Amino acid sequence: MSDSLSKIEKRTAYTLLLPAVLLVFAIVLFPIFANIWISLKDIQLKDIRIPEPRAKKIVKSIPGDASALKIIYKLRNSSLIQEIRNVEFKDKLPKNVLPANLDSRCTFKSKKIICDFGDWDPKYKENLEILIKNINGEKIDKNKIKSQKPILDGKANNPLLTTNFTFKNFKKVFFENNFMDLLLTTFYFTFFGTVGAIIFGVLAAQLVNQNFRGRTYMRGILLFPYVGPVVALAYTWTLLLDPNSGTLNALLINFKILDTPINLLGQKYITMSIFGFDLKLRLALTTVIFFEIWRYFPLAFLFILARLQAIPQSLYEAAEVDGASPIQKFVNITLPQITAIISILFMIRFIWNFNKFEDIFLLTGGASGTRTLPINVYQQGFAVSDIGMGSAVSIVIVMLLLTFMILYFRLIGKKANEV
Amino acid sequence: MKFKSIIIFLIISSFFLTCILSIWKIMSTLQGINFTNLNISTIFFMGLILSLAFVLIGNKISHFSKTFLLSFIFSILYYVFNETSPHWYIFGVFLISLFYTNKLKKYDVQTLREDFISEKIIFDFITLFGIVFFAFVILFPFYIMLVTSFKTQIALLINPLDFTLDFTKNLTELFKSYFVIFETYNFGRYILISSAVSIGTVIVTLLFGIPAAYAVARLNFFGKNFLSTSILIIYMFPAIVLVIPLYTVFSQLGLRNSIFGLLIVYTATTLPVAIYMLQGYFKSIPKEIEDAGIMDGQSWFGIILKIIIPLSLPAIASVALYVFMIAWNEFLFSLMFLDSPKSFTLSRAIQYLSGDAETPRQYLMAGSVIVTLPVLFIFIYFEKYLVSGLTAGSVKE
């Protein structure tokens, strides 16, 4: 009895799960594996459209003879680069109508014109003319002929499905793509973005955890950058930082802090002299990192705040009695309570910053030294139109991610369960 | 000891005063007042004197008259020692100094002798400074976005610091950018598409997610642990690595430029979070309630529909809002999949607008305001649900 119940339970579970699992499998898991396939192919964006044979049917009446019509089929290969093999053509004629002149490649059988055109080269074009006549001399309905669409069929290579593989893309990724620079930029962006977001998150959480009037409003306001649409926020920042008429530059010049406007998003390096040393700072990258921190510290804030509010107040009261200073309280009570959540946040944000595409794309488009791996996927796949390369970069990202995740579960997985 | 605390107190407090007054000055500059100097040192020095006077007067007169008197003198001095400024600006300075002296209330010669007072002072003022700083840094871009949408490109090129709004103009003139983007750039259509995609995503996600979450939360089946871990891992995976294969497959299936295509991608990417959030909540529902349902001969479908859903409405609401916001804000897939203006979402439309360098920036900002307002409204109105949803279901952007 219980055995059959558990069987029913299992079956129900699978039924309930099926739609969701199938969808996620098709849209999320399948593409991750498809990347491997595509990355091993020499394939361009223009190759992915499967070539089709096409025919446009034009019907012309013949002056003085209502029982005859001229049909012109404008035949063409939709692809400019690929051939189509064994093109077959079919069109139907009404009762008692016969073709008067037939191309040698075509036959007429049981009211159907069937043609075998063989292979079509790329860009192939031909006008096929057929004269049709009603054998009883009756009028042919022109619209009826027009509405009958010809059917074409042909075999074309789907370059995605062929089995010629190459490691060319990976070779290009690692040796012809400034790979080290790409990797370093990505790591700078990811690391400083993550650390900055967490530091500001801790500060903000510490603030809101105090008692002051309007702290619920403050909590709401602090989350604005996180919930706002990235497009709107990124363009506002671009406008704000614009060197020619941006508010920030105008303010800095107005208050004589700067002499000339500074192109925060368009300048790759800025040289600063500190104590006689010339320091070269990646300016645009730093600006993008600040945007990133501005947008994502709210998340760190929210999690740390939730943790802070769970710390029993009695701990602080006891410390007060023992005469602890505010700094001692923070270091000895608060910090140990939030290290676990900080380490989890660090990993999560690290992984997500590592994959961040939109923010950089909208702010700089990957120019002025802000080209990270995800930006490179887009540039290779859609700007250079080399989707094989794009996929290869994706694979590199997935590999690095898997490494992070394994590290994450090794190092922090246990802690994550405790929280 | 006392002397050191007083020095720290004076420096920190006047630093704080200088910060607020500078922000006030920056905001006023944007209202067309021609300030060219922040006068930080003067204000800092005046702040030192104000704080010193406050501590020295101590309890000799009542707190109310003390704050009022000191703020008044401070504003007069400010007026005398700084560049000429309109009266409303000085009134603002007066209000700020009132607020400031009120914050000084708990300090007097007595309290400055306490243990760790310098640390306490630093903590107090850093808190105050932090609130002002964070509020300013976060709200300023939103302010710029809103005001720019009411200005014109030419006016901003002539004077990038003039953010004054002329309310004496008629409303059509003021809201011109909004009229233009609706009439010329078809934003009405984009709002409809964005809403349709977002609401559709919410519906389909809940339709698929609730049963799946119930199965994960309650039923025993082979591969359950594996599935729970996979959910976590899958939503760590970024959209950017899915883009190329999905683009190629969607191109061959003719799903690009279709709202349906976008909808299934959004649903699939939000499903893992939704399931994760929902199953957490379902587990917290006492099992006895369901057992009663089973006794009554309810099917699994009936149990979900009649027991689980009514009991977990708050969680479902928070998931729904959350998914709505993800779908509404989504940009990457709409950039990749949509290239005909007929099927643009709002985000994609704004990006498309910006691609044309000729587009005046007020249109761009008007579009940005339109895409931002709904999410901010939803967020403010349902903050409680959303915050609990965000923290409960871990995170996904």
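The values are calculated or read from the model by the stated rules, or taken from the named source; none is laboratory data. From a predicted model like this one, the values you see are computed outputs, not experimental measurements. When we count neighbours, we look across all protein chains shown, and the Cβ atoms used for this are built from the backbone with ideal geometry, even at glycine.
Residues that are of a type in the set (Ser, Thr, Tyr), at the interface with chain B (Cβ under 10 Å from one of its Cβ atoms) and over 44 Å from the mean Cα position of the chain (by Cα) within segment A:289-332 comprise just one, A:325.
For segment A:241-262, taking the residues that are among the polar types (S, T, N, Q) and surrounded by fewer than 20 Cβ atoms within 10 Å (Cβ to Cβ), the one that is farthest from the chain's Cα centre (by Cα) is identified as A:254.
The condition of being under 24 Å from residue A:331 (Cα atoms) and hydrophobic (A, V, I, L, M, F, W, C) holds for residue B:126. Within segment A:78-96, restricting attention to residues that are crowded, with 17+ Cβ neighbours inside 10 Å and at pLDDT 80 or above, the residue that is nearest to residue A:55 (Cα to Cα) is A:89. Among the residues that make up segment B:38-51, is at least one of them assigned to a helix (DSSP H, G or I), under 29 Å from the mean Cα position of the chain (by Cα), more than 14 Å from chain A (Cβ to nearest Cβ) and within 19 Å of residue B:125 (Cβ to Cβ)? No; the residues of segment B:38-51 include none that is assigned to a helix (DSSP H, G or I), under 29 Å from the mean Cα position of the chain (by Cα), more than 14 Å from chain A (Cβ to nearest Cβ) and within 19 Å of residue B:125 (Cβ to Cβ).
Scanning segment A:1-51 for residues that are facing chain B (nearest Cβ under 7 Å), in contact (Cβ under 8 Å) with a residue 60 or more places away in the chain and in contact with a Phe, Trp or Tyr (Cβ under 9 Å, 6 or more places away or on another chain) returns A:32, A:48. Residues of segment B:137-146 that are closer than 29 Å to residue B:169 by Cα and either touching a residue at least 24 places away in the same chain (Cβ under 8 Å) or facing chain A (nearest Cβ under 9 Å) (or both): B:139, B:140, B:141, B:142, B:144, B:145, B:146.
Considering the conditions (1) among the polar types (S, T, N, Q); (2) surrounded by 14 or more Cβ atoms within 10 Å (Cβ to Cβ); (3) under 30 Å from residue B:232 (Cα atoms), residue A:44 is excluded by exactly one of them, (3). The condition of being within 30 Å of residue A:346 (Cα to Cα), at pLDDT below 80 and either not assigned by TED's automatic domain parsing to the domain that holds residue A:357 or not in a strand (DSSP E or B) (or both) holds for only one of A:177, A:164, A:158, that being A:177. Filtering segment B:206-230 down to residues that are within 7 Å of chain A (Cβ to nearest Cβ) and part of a helix (DSSP H, G or I), which residue is nearest to the chain's Cα centre (by Cα)? In this case the residue turns out to be B:209. Is it true that some residue in segment B:259-267 is polar (S, T, N, Q) and within 17 Å of residue A:31 (Cα to Cα)? Yes, the conditions are met somewhere in segment B:259-267.
When B:83, B:114 are screened for being more than 16 Å from residue B:8 (Cβ to Cβ) and either touching a Lys or Arg at 6+ places or on another chain (Cβ under 9 Å) or charged (D, E, K, R) (or both), only B:83 passes. The residues listed here are A:336, A:374, A:326; of these, the one that is touching a Phe, Trp or Tyr at 6+ places or on another chain (Cβ under 8 Å), without any contact (Cβ under 8 Å) to a residue 12 or more places away in the chain and either aliphatic (A, V, I, L, M) or assigned by TED's automatic domain parsing to the domain that holds residue A:182 (or both) is A:326. It is to be established whether one or more residues within segment A:12-30 are in a helix (DSSP H, G or I) and in contact with a Lys or Arg (Cβ under 9 Å, 6 or more places away or on another chain). Looking for residues that are in a helix (DSSP H, G or I) and in contact with a Lys or Arg (Cβ under 9 Å, 6 or more places away or on another chain), one finds at least one in segment A:12-30, hence yes.
Of all residues in segment B:110-134, those satisfying the criterion of being touching a residue at least 60 places away in the same chain (Cβ under 8 Å) and either of a type outside the set (S, T, N, Q) or under 25 Å from residue B:75 (Cβ atoms) (or both) are B:112, B:113, B:117, B:121, B:122, B:125, B:128, B:129, B:132, B:133.
Restricting attention to segment B:253-281, the residues being touching a residue at least 24 places away in the same chain (Cβ under 8 Å), under 17 Å from residue B:211 (Cα atoms) and of a type in the set (A, V, I, L, M) number 6. Of all the residues in segment B:3-14, those that are touching a residue at least 40 places away in the same chain (Cβ under 8 Å) and in contact with a Phe, Trp or Tyr (Cβ under 7 Å, 6 or more places away or on another chain) number 3.
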